[in-house]
1. Which of the residues that make up region 14-72 are part of a loop (DSSP other than H, G, I, E, B), modelled with pLDDT of 95 or more and hydroxyl-bearing (S, T, Y)?
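The values are calculated or read from the model by the stated rules, or taken from the named source; none is laboratory data. Note that the structure is a prediction, hence the values are computed from the model and not measured. A quick note on method: Cβ atoms are made from the backbone with ideal geometry, for glycine too, and the neighbour counts reach across all protein chains shown.
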Amino acid sequence: MGTTWDGDFIRMIFSPLLQVSDLWVRFKTSLGEITALSSFSCVISPGEVVAVVGESGCGKSVAAHAIMRILPNTASVSGC
């Protein structure tokens, strides 16, 4: 006897919890627009532990805030 798995269960197990592709964040300033984050991508699967590391000012917090959609109104976000 073989085990049969429901299609929804299989999609849930093998689908990423978070998938971000080519995320860009720009801020409007009085001096023009600045790019704070460019080409950020990641895939986080169920059960995975992930750390984002980098130098101060490299965009770690900007990426997290963009993913959570809590950036200020001066920010423009592209990518998915």
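1. S30, S56 - these are the residues of region 14-72 that are part of a loop (DSSP other than H, G, I, E, B), modelled with pLDDT of 95 or more and hydroxyl-bearing (S, T, Y).
Here's the yes/no breakdown for (1) touching a His at 6+ places or on another chain (Cβ under 6 Å); (2) under 30 Å from F14 (Cβ atoms); (3) not polar (S, T, N, Q):
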{"residue": "A36", "(1), (2), (3)": "no, no, yes"}
{"residue": "V43", "(1), (2), (3)": "no, yes, yes"}
{"residue": "V49", "(1), (2), (3)": "no, yes, yes"}
{"residue": "S56", "(1), (2), (3)": "no, no, no"}
{"residue": "V62", "(1), (2), (3)": "no, yes, yes"}
{"residue": "R69", "(1), (2), (3)": "no, yes, yes"}
{"residue": "A75", "(1), (2), (3)": "no, no, yes"}
{"residue": "G79", "(1), (2), (3)": "no, yes, yes"}
